[in-house]
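The next block holds one structure in the form of structure tokens; read it before the comments.
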Amino acid sequence: MARLRITEIFYSLQGESRSSGFPTVFVRLTGCPLRCGYCDTAYAFKGGDWLKPAEVLEQVAAYGVKHVTVTGGEPLAQSACLDLLTRLCDAGYRVSLETCGALDLARVDPRVIKVMDLKTPGSGEVEKNLYSNMAYLSARDQVKFVICDEADYLWSREKLADLGLADRCEVLFSPAFGLQEPRQLAEWTLRDRLPVRFQIQLHKLLWGDEPGR
Ligand code: SF4
């Protein structure tokens, strides 16, 4: 059975998305093919421990909670991630996947809630967006824009309209921590009456950049 390279498995509050505020076990897979300028998980680019899927499930079960988020790095960069997602769903967890939007979602278990980034110009990785992924998003999924500045906001507003995103899934606008002033982004969103959910990363408010939180 293919093993997975894991940076950390930890227990915290979900800080983003529709599950924000729920006690959640996070499985952070090692490695990412992107290099976003604002990345707060560069410590997950390398290292990690090789674990069998059964060992991951055993560690997750020890926390005794319902919500599990598979994240990274970029979890889909490891092909064994697909099998892990299915096993977690089979075990009855409410599973979400945080993914950068640059890797194909076609084979992700349909029970998984996908939280997919669309990378803005300010990330430095905008050309990596894989727009064919739109076909795999539904009302239970979310697309997230991490917005670094006004140019990013305007770009995101345009993508929202051009791709008809709000009709397809829930859309999140989130200020890049330390780059975009949250209040200004909230005011732009209200001014333009955008059908998006504004969110601030709860875990950053509570714990800053502390790894494993
Ligand atoms: S996709 Fe995520 S993990 Fe990868 S560099 Fe960008 S922010 Fe960091």
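To keep it simple, each residue is scored yes or no on (1) closer than 17 Å to Cys100 by Cα; (2) within 15 Å of the chain's Cα centre (by Cα).
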| residue | (1), (2) |
| --- | --- |
| Ala2 | no, no |
| Arg5 | no, no |
| Gly15 | yes, yes |
| Ser19 | no, yes |
| Val25 | no, yes |
| Leu34 | yes, yes |
| Ala44 | yes, yes |
| Pro53 | no, no |
| Ala61 | no, no |
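Residues of segment 155-169 that are under 18 Å from Gly122 (Cβ atoms), surrounded by 15 or more Cβ atoms within 10 Å (Cβ to Cβ) and either more than 19 Å from the chain's Cα centre (by Cα) or at pLDDT below 95 (or both): Trp155, Arg157.
Considering Glu170, Glu181, the condition of being in contact with a strand residue (DSSP E or B) (Cβ under 8 Å, 6 or more places away or on another chain), acidic (Asp, Glu) and free of Cβ contacts under 8 Å to residues at least 24 places away in the same chain is satisfied by Glu181 alone. Taken over segment 61-88, the criterion of being of a type outside the set (A, V, I, L, M) and away from the ligand (no atom under 16 Å from the Cβ) is satisfied by Tyr63, Gly64, Lys66, His67, Ser79, Asp83, Thr86, Arg87. Quick check, is Ser17 modelled with pLDDT under 95 and on the phi > 0 side of the Ramachandran plot? Here the answer is yes, as Ser17 does meet what is asked.
Please determine whether any residue of segment 187-210 is out of contact with any helix residue (DSSP H, G or I) (no Cβ under 9 Å at 6 or more places or on another chain), over 29 Å from Phe10 (Cα atoms), without any contact (Cβ under 8 Å) to a residue 12 or more places away in the chain and part of a loop (DSSP other than H, G, I, E, B). Yes: segment 187-210 contains one or more residues that are out of contact with any helix residue (DSSP H, G or I) (no Cβ under 9 Å at 6 or more places or on another chain), over 29 Å from Phe10 (Cα atoms), without any contact (Cβ under 8 Å) to a residue 12 or more places away in the chain and part of a loop (DSSP other than H, G, I, E, B).
Looking across Ser79, Ser96, one residue alone is open to solvent by 10 Å² or more (accessible area, probe 1.4 Å), closer than 15 Å to Gln142 by Cβ and of a type outside the set (Lys, Arg). It is Ser96. One residue stands out in segment 21-55 among those that are more than 16 Å from the ligand (Cβ to nearest atom) and of a type in the set (Asp, Glu): the one that is nearest to Val95 (Cα to Cα), namely Glu55. Is it true that some residue in segment 82-91 is closer than 29 Å to Cys148 by Cβ and open to solvent by less than 20 Å² (accessible area, probe 1.4 Å)? No: zero hits. If you filter segment 99-120 down to residues that are in contact (Cβ under 8 Å) with a residue 60 or more places away in the chain and more than 11 Å from the ligand (Cβ to nearest atom), you find that the one that is surrounded by the most Cβ atoms within 10 Å (Cβ to Cβ) is Val115.
Selection of first residues in segment 27-52 that are on the phi > 0 side of the Ramachandran plot and of second residues that are open to solvent by 50 Å² or more (accessible area, probe 1.4 Å) and modelled with pLDDT of 95 or more, restricted to Cβ pairs under 6 Å at least 6 apart or on distinct chains, gives the following pairs, ordered by first then second residue: Gly31/Ala77; Gly48/Arg5.
Within segment 51-61, is even one residue among the small types (Gly, Ala, Ser) and open to solvent by 30 Å² or more (accessible area, probe 1.4 Å)?
Yes: one or more hits.
Of the residues making up segment 121-150, those that are farther than 12 Å from Cys36 by Cα, surrounded by fewer than 17 Cβ atoms within 10 Å (Cβ to Cβ) and of a type outside the set (Phe, Trp, Tyr) are Leu130, Ser132, Ala135, Ser138, Ala139, Arg140, Glu150.
The values are calculated or read from the model by the stated rules, or taken from the named source; none is laboratory data. Note that this is a predicted model, so its numbers are computed, not measured. All Cβ positions, glycine included, derive from the backbone under ideal geometry; neighbour counts span all protein chains shown. The accessibility values were calculated without ligands, DNA or RNA, using every heavy atom of the protein model including side chains. Shrake-Rupley method; radii C 1.70, N 1.55, O 1.52, S 1.80 Å.
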